[in-house]
Amino acid sequence: MLLNRTRADALMDRDGIAAIIASSAVNTYYLSSWATDASWGFGDIALAVLPRNHDLEAAVHTVEIDTGQPQQGSGTWMRIVRGYARRSGIGAGGVQGVMTSQGLPQNHPEAIAAYLAEIGLANSRIAFDDLGLGQSVKAKLGGIKVVPARELIRDIRMIKTAEEVSHLRAAGRKTSLALEVSAEALAAGATCAEAERTFHAAASAIGGKGKFLLITPYRPGTGRLEKNAALLPGDCVTFDATAEFAHYTSDIGRTAVIGEPSADQLRCYNAIRNGWQAALHEFREGQHSTAVEKAVTTAIQLAGNPEFRGCSIHSVGLEHTDHPHPDGGLHHFDLAEGMVLSCDLPWIGPNIGKFHYEDLVWIGPNGPELLNETDPRLISCIDGRTQRVG
């Protein structure tokens with residue numbers, strides 16, 4: 001199960017919530033473990049209902065054609081899967097016969113309102129990740145108290161289950177491999193625009209899906225270049241790479257230098273990776289994210305780059321930033337066992353180069369563990385191939 005039910009129970013109790021209604025693809029998948037074709041393929045709306053009371057049945061509600069399709073992976077743990085009418089005249093999915101929507105709810109607000117009434121929650125405090133949907137359901141029921149669930153579900157998702165960590169480990173592996181292939185393309189003479197396409201093709205070829213690659217060419221003394229610029233010896237290329245597996249993302253950063261790196265380039269990059277590794281023990285239960293960021297920054301400065309100014313920690317999972325960020329702000333938080341975190345370590349020296357470094361860290365029962373598998377040394381593109389230098 002993707003859902004951390006124990007944490008969900010605790011946070012729902014904290015806020016006095018009787019049920020959560022998820023209608024975004026990400027949240028419906030998280031609560032139900034089923035990435036429905038309706039949500040991820042057709043652009044329709046599938047929903048998951050999670051009551052706090054375990055004696056009440058959790059349920060998936062999706063368009064009628066979706067209910068008759070095979071469920072991806074192991075399917076949903078929720079015993080109830082119901083359809084609502086996608087449009088008038090189309091019958092229940094998988095049923096060959098009379099084409100009618102008779103007996104089905106005619107839209108998703110109607111389906112949710114009817115189900116809440118059925119399980120006795122028509123006068124309860126209900127959290128919706130779409131407040132507009134919540135108001136539509138309230139208009140039909142009247143008695144419910146609508147509260148927001150978007151940040152609540154993100155808060156639940158911060159502590160990963162074993163299944164989630166497995167998906168993230170696979171995503172980290174596939175991102176690392178696709179990044180390596182992209183760097184090999186650079187070494188063979190590709191532009192950054194061409195290497196970006198290589199990344200996405202490689203991720204797909206090994207069973208993942210490229211989410212994004214922020215690939216930036218930078219020339220010391222000149223600054224950032226266009227993605228299609230021809231690269232010269234001494235140019236730096238930064239990779240901020242994310243590929244996904246089973247809809248779970250990773251976040252990995254590395255740097256390549258065209259040709260042999262200069263002594264200053266090697267010093268600055270090594271300070272970042274060595275300082276990061278020296279501070280990795282700071283990722284532990286009870287630490288505050290701002291304190292960890294300061295410790296990492298100090299470690300990098302002491303490792304050989306006193307000009308390094310700061311870093312940024314965020315949670316990673318079904319979203320690139322997988323912790324609450326109300327109103328779009330990147331809020332700080334307390335670290336806890338079970339979190340999967342990324343720490344952005346960018347640095348620019350105008351006459352030296354642009355560098356980026358980033359790993360995926362799981363705070364496991366035995367301390368921090370990296371979920372991505374890749375050599376952390378600087379990538380050097382020489383004679384049509386990549387080499388690691390350090």
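Considering the range 1-18 alone, what residues qualify as being open to solvent by 10 Å² or more (accessible area, probe 1.4 Å) and under 20 Å from the mean Cα position of the chain (by Cα)?
Met1, Asn4, Arg5, Arg7
Output the residues belonging to the range 160-169 that are over 13 Å from the mean Cα position of the chain (by Cα) and in contact (Cβ under 8 Å) with a residue 40 or more places away in the chain.
At the first step, the residues of the range 160-169 found to be over 13 Å from the mean Cα position of the chain (by Cα) are 161-163, 166.
Within the range 160-169, Thr161, Glu163 meet the criteria.
Asp15 fails exactly one of the following numbered conditions: (1) of a type in the set (Asp, Glu); (2) farther than 25 Å from Ile144 by Cα; (3) modelled with pLDDT of 95 or more. What is the number of that condition?
(2)
Just checking, how many residues over the range 313-357 are among the small types (Gly, Ala, Ser) and surrounded by 16 or more Cβ atoms within 10 Å (Cβ to Cβ)? Outline the logic, then answer.
Taking the range 313-357 as the starting set, the residues that turn out to be among the small types (Gly, Ala, Ser) are 315, 317, 328-329, 336, 338, 342, 349, 353.
Subsequent filtering for residues that are surrounded by 16 or more Cβ atoms within 10 Å (Cβ to Cβ) retains 315, 317, 338, 342, 349, 353.
The number of residues fulfilling the criteria is 6.
It is to be established whether one or more residues within the range 200-214 are open to solvent by less than 10 Å² (accessible area, probe 1.4 Å), assigned to a helix (DSSP H, G or I) and more than 15 Å from Tyr248 (Cα to Cα). Before you say what the answer is, go through the steps one by one.
Of the residues in the range 200-214, the ones open to solvent by less than 10 Å² (accessible area, probe 1.4 Å) are 203, 213.
If we keep only those that are assigned to a helix (DSSP H, G or I) too, we end up with 203.
Those left that are additionally more than 15 Å from Tyr248 (Cα to Cα): none.
Checked against the condition, which is being open to solvent by less than 10 Å² (accessible area, probe 1.4 Å), assigned to a helix (DSSP H, G or I) and more than 15 Å from Tyr248 (Cα to Cα), the range 200-214 yields no hits at all.
Any idea which residue in the range 296-312 is nearest to Asp264 (Cα to Cα), counting only those that are within 27 Å of the chain's Cα centre (by Cα) and surrounded by fewer than 19 Cβ atoms within 10 Å (Cβ to Cβ)?
Restricting to residues being within 27 Å of the chain's Cα centre (by Cα) and surrounded by fewer than 19 Cβ atoms within 10 Å (Cβ to Cβ), the top hit is Arg309.
Conditions tested, residue by residue: (1) open to solvent by 10 Å² or more (accessible area, probe 1.4 Å); (2) within 26 Å of Leu121 (Cα to Cα); (3) part of a loop (DSSP other than H, G, I, E, B); (4) of a type in the set (Asp, Glu).
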{"residue": "Ile20", "(1), (2), (3), (4)": "no, yes, no, no"}
{"residue": "Ser39", "(1), (2), (3), (4)": "yes, yes, no, no"}
{"residue": "Asp44", "(1), (2), (3), (4)": "yes, yes, yes, yes"}
{"residue": "Leu50", "(1), (2), (3), (4)": "no, yes, no, no"}
{"residue": "Gln69", "(1), (2), (3), (4)": "yes, no, yes, no"}
{"residue": "Gly73", "(1), (2), (3), (4)": "yes, no, yes, no"}
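Can you name every residue in the range 225-252 that is closer than 24 Å to Arg273 by Cα, within 11 Å of the chain's Cα centre (by Cα) and assigned to a loop (DSSP other than H, G, I, E, B)?
Hits for the range 225-252 are Ser250, Asp251.
Residues of the range 253-279 being over 30 Å from the mean Cα position of the chain (by Cα) and of a type outside the set (Asp, Glu), which ones? Spell out how you get there, then give the answer.
Step one: list which residues in the range 253-279 are over 30 Å from the mean Cα position of the chain (by Cα), which gives 258-267.
Residues satisfying the conditions are Ile258, Gly259, Pro261, Ser262, Ala263, Gln265, Leu266, Arg267.
Which of the residues spanning the range 166-190 are in contact with a helix residue (DSSP H, G or I) (Cβ under 9 Å, 6 or more places away or on another chain) and not in a helix (DSSP H, G or I)?
Within the range 166-190, the first condition is being in contact with a helix residue (DSSP H, G or I) (Cβ under 9 Å, 6 or more places away or on another chain), and the residues that meet it are 174-175, 177-186, 190.
Across the range 166-190, the qualifying residue is only Ala190.
Suppose we keep only residues that are over 9 Å from His61 (Cβ atoms) and aliphatic (A, V, I, L, M) within the range 107-121. Which one would you say is surrounded by the most Cβ atoms within 10 Å (Cβ to Cβ)? Break it down stepwise before answering.
First, pick out the residues of the range 107-121 that are over 9 Å from His61 (Cβ atoms): 107, 109-110, 113-114, 116-121.
Pick out the ones that are also aliphatic (A, V, I, L, M) and you get 113-114, 116-117, 119, 121.
On the way: Ala113: 21, Ala114: 17, Leu116: 25, Ala117: 15, Ile119: 19, Leu121: 21.
Once the filter is applied, the top-ranked residue is Leu116.
Here's a check for you: in the range 372-385, which residue that is at pLDDT 95 or above and surrounded by 21 or more Cβ atoms within 10 Å (Cβ to Cβ) is farthest from Lys160 (Cα to Cα)?
Cys381
Condition first: touching a strand residue (DSSP E or B) at 6+ places or on another chain (Cβ under 6 Å) and over 21 Å from Val26 (Cα atoms). Now tell me which residues in the range 116-134 satisfy that.
Within the range 116-134, Leu121, Arg125 meet the criteria.
Return a yes/no flag: does the range 247-256 have any residue that is under 21 Å from Leu318 (Cα atoms), at pLDDT 95 or above and open to solvent by 40 Å² or more (accessible area, probe 1.4 Å).
yes
Residue under question is Glu184, and the condition is that it be in contact with a strand residue (DSSP E or B) (Cβ under 7 Å, 6 or more places away or on another chain), among the acidic types (Asp, Glu) and open to solvent by less than 30 Å² (accessible area, probe 1.4 Å); does it hold?
Working: in contact with a strand residue (DSSP E or B) (Cβ under 7 Å, 6 or more places away or on another chain): yes; among the acidic types (Asp, Glu): yes; open to solvent by less than 30 Å² (accessible area, probe 1.4 Å): no.
It is false that Glu184 is in contact with a strand residue (DSSP E or B) (Cβ under 7 Å, 6 or more places away or on another chain), among the acidic types (Asp, Glu) and open to solvent by less than 30 Å² (accessible area, probe 1.4 Å).
Just a yes or no: is a residue in the range 270-280 over 17 Å from Asp240 (Cα atoms) and surrounded by fewer than 17 Cβ atoms within 10 Å (Cβ to Cβ)?
Restricting attention to the range 270-280, the residues satisfying the condition of being over 17 Å from Asp240 (Cα atoms) are 270-271, 274-275, 277-280.
Restricting the remaining residues to those that are surrounded by fewer than 17 Cβ atoms within 10 Å (Cβ to Cβ) gives 277-278.
The answer is yes; a qualifying residue exists.
What's the number of the condition Ile363 fails, among (1) in contact with a Lys or Arg (Cβ under 8 Å, 6 or more places away or on another chain); (2) assigned to a strand (DSSP E or B); (3) over 21 Å from Glu164 (Cα atoms)?
Checking Ile363 against (1) in contact with a Lys or Arg (Cβ under 8 Å, 6 or more places away or on another chain); (2) assigned to a strand (DSSP E or B); (3) over 21 Å from Glu164 (Cα atoms), the one that fails is (3).
When the residues of the range 170-181 are narrowed to those that are of a type in the set (A, V, I, L, M) and open to solvent by 20 Å² or more (accessible area, probe 1.4 Å), which ends up nearest to the chain's Cα centre (by Cα)? Walk me through it before giving the result.
In the first step, residues of the range 170-181 are kept if they are of a type in the set (A, V, I, L, M); the result is 170-171, 177-179, 181.
Right, trim to open to solvent by 20 Å² or more (accessible area, probe 1.4 Å) and you get 170, 177, 181.
Working: Ala170: 13, Leu177: 18, Val181: 22 Å.
So the residue we want is Ala170.
Listed residues Thr297, Thr321, Thr290; which is β-branched (Val, Ile, Thr), part of a loop (DSSP other than H, G, I, E, B) and farther than 26 Å from Asp235 by Cβ?
It is Thr321.
Within the set of pairs 6 or more residues apart or between chains, which connect a residue that is within 11 Å of Phe283 (Cα to Cα) inside the range 345-373 to a residue that is in a strand (DSSP E or B) and polar (S, T, N, Q) with Cβ atoms less than 9 Å apart?
Val361/Ser342
The values are calculated or read from the model by the stated rules, or taken from the named source; none is laboratory data. Keep in mind that this is a model prediction, so the values were computed, not measured. Cβ: placed from backbone, ideal geometry, glycine included. Neighbour counts: every protein chain shown. SASA here: full protein model, heavy atoms, side chains in, ligands and nucleic acids out. Shrake-Rupley method; radii C 1.70, N 1.55, O 1.52, S 1.80 Å.
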